[in-house]
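Take a look at the structure set out below.
The values are calculated or read from the model by the stated rules, or taken from the named source; none is laboratory data. Note that this is a predicted model, so its numbers are computed, not measured. Positions of Cβ are generated from backbone atoms using ideal geometry, with glycine treated the same way; all protein chains shown enter the neighbour counts. The accessibility values were calculated without ligands, DNA or RNA, using every heavy atom of the protein model including side chains. Shrake-Rupley method; radii C 1.70, N 1.55, O 1.52, S 1.80 Å.
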Amino acid sequence: MTTNSQTNETDHKAHIIIVDDDEAMRIALSQWLELSDFAVTAYEDAREALRDINPDFAGVILTDVKMPRLDGITFTRSVLAADPDIPIILMTGHGDVPMAVEAMKSGAYDFVEKPFEPTDIVESLERAIEKRRLVIENRNLRRQIAHRGSLDSRLIGNSLPMRALKDEIANIAPTEVPVLISGETGTGKELVARAIHDLSDRRNDKFVAVNCAAIPEGTAESELFGHEKGAFTGAAGQRVGWIEHAIGGTLFLDEISSMPLALQAKMLRVIEQREVVRVGSNAPVKVDFRLICATNEDLSEAVTARHFREDLLFRINTFELAIAPLRDRKDDVALLFDIFAERAAERFERPYERVTPALTAQIKTHDWPGNVRELKNMAERYVLLVGSPEERFKRLFKGGFDTTTSGPADLALADQVRGFEERVIRDALDRHDGNVKSVMEELDIPRRTLNEKMKKLNIRRDKPV
C-alpha cells in the first residue's frame, strides 16, 4: 500500500481509494487526484485494500478490473457485500466493458474505459462522493434516531428549520417558562411538547395532554378543574381534574384557542395563583406544573376578534416555538417517508421495497397540506398496497399529484417517457451492434447518463463491443 496524503491534513477532503497493480497508472492517477483536492490512498493488491475498507468508509473506490491475485470484479462483489452503498468505479480495458456493465447491474457505481481523460474521472468521482455523503449523513441521522431519549428519536429531520427547532427545544426545555407551540395541523405539536417535557427536570413525572377542542363546553370546567361529590347532577363522587392531575409534571393544552372565554379567565387565575378550585368547592388546591400550550391559529388575530383573552396570551407565550410546515422543509420528506414506511412494514409484517430516486423526487413536489400526519398515512398505505412502487404511487395519489404543485400532473406520463427512452436506446444499440461509444455520439449524451438509463430501464447489451 502507498499512502499519498497525511491524515491530519486531509480529514476535510473527499477520500478516494485507488486499487491498481500498474504502478505507473497508480502514481499518475494519485497525483492527478491530489491536485484535484482529493485525499488519496493507493493499493497495489486488492486483498490489502479489502482489509482496510469498512461500512464507515466515507469515500469512493476506483479499481482496475484485471489484476492478479484478486480481480476487480471479485473485489467489487466483496466490498458491496460489506456495504452495498459504497460507490465503486471500475477502470476497464476495451474488452472488459461487458464485464463492467454486469458489475454495474450488481451494484457498481460506474466504469470508465482506458485510456480516459482525467477530467472525466474527476466528474464521476465528484458525483459518487456526493452520493456517499448523503448515505453517510442519513446513516448518522438514523443512529441518532435510534438513540433513546435524544431529540432525533422524536423529531425526525435534518433540514435547516428542523435543526433550528431542535436547538430551540434543547435551549428552553430545562427552564420552567411557559411555552406556546404554533404550527399547522399535522406538524407534530404534541410531539414537540413531549420532547420538551422529556428534556426537562420534570421528565420523571406525568405528561398530561388535554385537547381543548375535544372537551364539550358543558363539562370543560369539571374536566380541567375537577369537581366535588354532588357538585351537579351526575357528580356521584369527587373527581380530580386534568390540571390537578398534572402536579409535578407538565400540562399540555392543545388547541388552546378552542377554550371558552369564561374558562380562559379561570385558567388565567390558575396560572397566576398556582392553585385550582374544584367545581362545588371553596377550598383551593395548590398546583405545581409546567405549562405548554399549542395552537394552529394566530392567537393575536383571535385576540383582535375577541375570541381569546390578551392577558392569557401574555401568560402562555413567554417563549414561542413555531413549527415549519412540511412544504417548507422538503429535505426531510424522503427520510420521513422511508422511516415511516419501514416502521409500518415491521408493524404489519410486510416486505418493504424502498421507493426509487425518481419517485422520491416526486414525493418532494407534493405540498403535503396535512403535513407529517398525511405523509405518515401515505407511507403506511404504500406498505399495505401491492404492486411495483410506481403502481402503488399511482394508487396513492390517484393518478397524479396536486396540480397546484410543480410535480407531474399524471404519473402515466412518466411511464410514457420511460417507454420512449427505452425504444430509442434499444434501437440505437441495435444499429451500432452494441457499441456504446457510437450510441453516445448518436444520442449526444455522456457515458454516465447512458449507463444510468440502461440500468434503470434494464437494458442488457448482449452484443460484443
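Would you point out which residue out of Ile215, Ile256 is open to solvent by 20 Å² or more (accessible area, probe 1.4 Å), in contact with a helix residue (DSSP H, G or I) (Cβ under 7 Å, 6 or more places away or on another chain) and either modelled with pLDDT of 90 or more or among the β-branched types (Val, Ile, Thr) (or both)? Can you show your working first?
On the way: Ile256 fails: open to solvent by 20 Å² or more (accessible area, probe 1.4 Å).
Answer to the selection: Ile215.
Could you tell me which of the residues Ser222, Ser200 is in contact with a strand residue (DSSP E or B) (Cβ under 8 Å, 6 or more places away or on another chain), open to solvent by less than 60 Å² (accessible area, probe 1.4 Å), assigned to a loop (DSSP other than H, G, I, E, B) and not β-branched (Val, Ile, Thr)? Spell out how you get there, then give the answer.
Working: Ser222 fails: assigned to a loop (DSSP other than H, G, I, E, B).
Just one listed residue meets the conditions, Ser200.
Is there a residue being modelled with pLDDT of 90 or more, under 32 Å from the mean Cα position of the chain (by Cα) and farther than 16 Å from Asn451 by Cβ anywhere in the range 88-111? No, there is no match, as no residue in the range 88-111 is modelled with pLDDT of 90 or more, under 32 Å from the mean Cα position of the chain (by Cα) and farther than 16 Å from Asn451 by Cβ. If you filter the range 153-169 down to residues that are surrounded by fewer than 14 Cβ atoms within 10 Å (Cβ to Cβ) and among the hydrophobic types (A, V, I, L, M, F, W, C), you find that the one that is nearest to the chain's Cα centre (by Cα) is Leu160.
The condition of being at pLDDT 75 or above, out of contact with any Lys or Arg (no Cβ under 7 Å at 6 or more places or on another chain) and of a type in the set (Val, Ile, Thr) holds for only one of Val417, Val424, that being Val424. Specify which of the listed residues (Asp20, Asp45, Asp37) is more than 20 Å from Ile136 (Cα to Cα) and open to solvent by less than 10 Å² (accessible area, probe 1.4 Å). Selected residue: Asp20, the only one of Asp20, Asp45, Asp37 that is more than 20 Å from Ile136 (Cα to Cα) and open to solvent by less than 10 Å² (accessible area, probe 1.4 Å).
Which residues, taken from the range 176-197, are open to solvent by less than 50 Å² (accessible area, probe 1.4 Å), among the β-branched types (Val, Ile, Thr) and not in a helix (DSSP H, G or I)? Give the derivation first.
Here is the first cut: in the range 176-197, the ones open to solvent by less than 50 Å² (accessible area, probe 1.4 Å) are 177-183, 186-189, 192-193, 195-197.
Narrowing the set further to residues that are among the β-branched types (Val, Ile, Thr) leaves 177, 179, 181, 187, 192, 196.
If the condition is that a residue be open to solvent by less than 50 Å² (accessible area, probe 1.4 Å), among the β-branched types (Val, Ile, Thr) and not in a helix (DSSP H, G or I), then Val177, Val179, Ile181, Thr187 are the ones that fit.
The condition of being open to solvent by 90 Å² or more (accessible area, probe 1.4 Å) and basic (Lys, Arg) holds for only one of Arg327, Arg290, that being Arg327. For first residues located in the range 22-35 and more than 17 Å from Val65 (Cα to Cα), partners that are open to solvent by less than 80 Å² (accessible area, probe 1.4 Å) and polar (S, T, N, Q) and lie 6+ apart or on another chain with Cβ distances below 7 Å form the pairs Ser30/Asn4; Glu34/Asn4; Glu34/Ser5. Checking Glu391, Glu349 one by one, the residue that is on the phi > 0 side of the Ramachandran plot, open to solvent by 40 Å² or more (accessible area, probe 1.4 Å) and of a type in the set (Asp, Glu) is Glu349 and no other. Looking across the range 263-293, just one residue is among the aliphatic types (A, V, I, L, M) and without any contact (Cβ under 8 Å) to a residue 12 or more places away in the chain, and that is Ala283.
With respect to the conditions (1) in contact with a helix residue (DSSP H, G or I) (Cβ under 9 Å, 6 or more places away or on another chain); (2) farther than 30 Å from Asp167 by Cβ; (3) open to solvent by 70 Å² or more (accessible area, probe 1.4 Å), Leu261 lacks only one, and its number is (1).
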